[in-house]
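**Student:** I'd like to ask you about the structure that follows.
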Amino acid sequence: MISMYKKSDEGLQEINAIEKDCWINAIQPNFVELNEISKVLEIPEEFLTDPLDIDERPRIEIEDEHILIILRIPYHDKDHPQIPYNTVPLGIIYSSDTIITICSMETEILSTFLDRRIKNFSLKNKERFIFLIFLRTAILFLKFLRQISNMTNELEKELNKSMKNQELVKLLDMEKSLVYFSTSLRANEIMIGRLSVSKKFKISAEERDLLEDVEVEYKQAIEMANVYSNILSGMMNAFASLISNNLNAVMKSLASITVVLMLPTLVASVYGMNVHLPFQESRFAFPMTMTIAILLAGLGAFFFLRKK
């Protein structure tokens, strides 16, 4: 689906044809739509198709008057709880007449512009618009990182009550999400650093301040992702040690019980032999045998209890 917008005093207005200084937003576009845009705006076809590759890494590519910027943005996938938080490429094509955003799914970042929650931007100042997209991406990363932290705390409380595989698997999923976030954040930061020194971008003093804010937000997001990842890794290691210790304690208990039960079994086995045995002719043979067995079991249990 492709939508086109023009900025006016009243805000963003949807238009039906491509105009100068308009924003073309392509969400899950098909080949026909991309081919039409490529022909009308003379944009290389790979600029339009590369952002749809789910594994595309953040980078900048310049060809003629067109600049392709690929940014990894976060999203929360409620339909796939195995990895609830992940990242997806967002393509931004910068040219003198238009700006194009391409993504394989609906994203909260672009929705903030469409819902008029961000008012201090202009499609004529394309550099500022791009930097605002970078800023909203960093803010969304921070929002999802806080959600991951809250979910991790809840899972920790559940695990403190009882060790369950389900909670451990969820913690592992959270750890995967943090790895994806950390990797994407570092790649985005490198890409933004390269863009800031590009000669194609004429950045004013005001835009330079905005870019510095973007860099600060990304550094904070990277630091938060690293801290949460270290905490989660330490938590997983701690629970793994607890499980191992609990298993060792159970095995020690089972071994002690086995030894204690073996002693009366030994007595019963000896007196079950078809040979002459002590006091076998006595009418107290059975009570005496049971007493010996019980005494040996009691001594064994006392020994293991004393040794803890």
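**Student:** Return the residues of segment 30-75 that are of a type in the set (Val, Ile, Thr) and either assigned to a strand (DSSP E or B) or not assigned by TED's automatic domain parsing to the domain that holds Ile18 (or both); say none if nothing qualifies.
**Tutor:** Ile60, Ile62, Ile67, Ile69, Ile70, Ile73
**Student:** If Cys22 passes every condition in (1) modelled with pLDDT of 80 or more; (2) out of contact with any Ser or Thr (no Cβ under 6 Å at 6 or more places or on another chain); (3) hydrophobic (A, V, I, L, M, F, W, C) but one, which one does it miss?
**Tutor:** Failing condition for Cys22: (2).
**Student:** Still on this structure, I have one more. What pairs come out if I take residues in segment 273-298 that are in the same structural domain as Met262 (by TED's automatic domain parsing) and more than 25 Å from Val260 (Cβ to Cβ) and pair them with residues that are of a type in the set (Ser, Thr, Tyr) and part of a loop (DSSP other than H, G, I, E, B) whose C-beta lies under 9 Å away, six or more apart or interchain?
**Tutor:** Note: pairs meeting the criteria are Gln280/Tyr271.
**Student:** Testing His276 on (1) of a type outside the set (S, T, N, Q); (2) in a helix (DSSP H, G or I); (3) more than 30 Å from Leu168 (Cβ to Cβ), one condition comes back false. Which one is that?
**Tutor:** Condition not satisfied by His276: (2).
**Student:** Kindly list, by first and then second residue, each pair from a residue in segment 105-133 that is on the phi > 0 side of the Ramachandran plot to a residue that is not in a loop (DSSP other than H, G, I, E, B), limited to pairs with Cβ atoms under 8 Å and residues at least 6 apart or on different chains.
**Tutor:** Arg116/Gly11; Arg116/Leu12
**Student:** Ser253 fails exactly one of the following numbered conditions: (1) surrounded by fewer than 13 Cβ atoms within 10 Å (Cβ to Cβ); (2) at pLDDT 75 or above; (3) under 30 Å from Ile148 (Cβ atoms). What is the number of that condition?
**Tutor:** It fails just one condition, (3).
**Student:** Among the candidates Ile69, Ile118, which residue alone is under 18 Å from Leu135 (Cβ atoms), among the β-branched types (Val, Ile, Thr) and crowded, with 17+ Cβ neighbours inside 10 Å?
**Tutor:** Among Ile69, Ile118, only Ile69 is under 18 Å from Leu135 (Cβ atoms), among the β-branched types (Val, Ile, Thr) and crowded, with 17+ Cβ neighbours inside 10 Å.
**Student:** Determine whether segment 229-240 contains at least one residue that is within 30 Å of Arg128 (Cα to Cα), in the same structural domain as Thr183 (by TED's automatic domain parsing) and either out of contact with any Gly (no Cβ under 7 Å at 6 or more places or on another chain) or surrounded by 13 or more Cβ atoms within 10 Å (Cβ to Cβ) (or both).
**Tutor:** Scanning segment 229-240 turns up no residue that is within 30 Å of Arg128 (Cα to Cα), in the same structural domain as Thr183 (by TED's automatic domain parsing) and either out of contact with any Gly (no Cβ under 7 Å at 6 or more places or on another chain) or surrounded by 13 or more Cβ atoms within 10 Å (Cβ to Cβ) (or both).
**Student:** Within segment 201-218, is there a residue that is surrounded by 12 or more Cβ atoms within 10 Å (Cβ to Cβ), within 30 Å of Met290 (Cα to Cα) and touching a helix residue (DSSP H, G or I) at 6+ places or on another chain (Cβ under 8 Å)?
**Tutor:** Taking every residue of segment 201-218 in turn, none turns out to be surrounded by 12 or more Cβ atoms within 10 Å (Cβ to Cβ), within 30 Å of Met290 (Cα to Cα) and touching a helix residue (DSSP H, G or I) at 6+ places or on another chain (Cβ under 8 Å).
**Student:** Are any of the residues in segment 78-101 assigned to a loop (DSSP other than H, G, I, E, B), over 22 Å from Ile18 (Cα atoms) and touching a His at 6+ places or on another chain (Cβ under 8 Å)?
**Tutor:** Scanning segment 78-101, I find at least one residue that is assigned to a loop (DSSP other than H, G, I, E, B), over 22 Å from Ile18 (Cα atoms) and touching a His at 6+ places or on another chain (Cβ under 8 Å), so the answer is yes.
**Student:** Any residue that is surrounded by 15 or more Cβ atoms within 10 Å (Cβ to Cβ), aliphatic (A, V, I, L, M) and out of contact with any Cys (no Cβ under 6 Å at 6 or more places or on another chain) - is there at least one of those in segment 76-86?
**Tutor:** no
**Student:** Also: Please work out if Glu46 is surrounded by fewer than 19 Cβ atoms within 10 Å (Cβ to Cβ) and out of contact with any Ser or Thr (no Cβ under 7 Å at 6 or more places or on another chain).
**Tutor:** yes
**Student:** Being out of contact with any Pro (no Cβ under 7 Å at 6 or more places or on another chain), of a type in the set (Gly, Ala, Ser), more than 30 Å from Ile231 (Cα to Cα) and surrounded by 14 or more Cβ atoms within 10 Å (Cβ to Cβ): is that true of Ser149 here?
**Tutor:** The answer is no for Ser149.
**Student:** Which numbered condition in (1) in a helix (DSSP H, G or I); (2) under 21 Å from Ile192 (Cβ atoms) is the only one that Ser149 fails?
**Tutor:** For Ser149, the failing item is (2).
The values are calculated or read from the model by the stated rules, or taken from the named source; none is laboratory data. Because the structure is a prediction, the values reported are computed rather than measured. Counting neighbours? That spans all protein chains shown, and the Cβs are built from the backbone with ideal geometry, glycine included.
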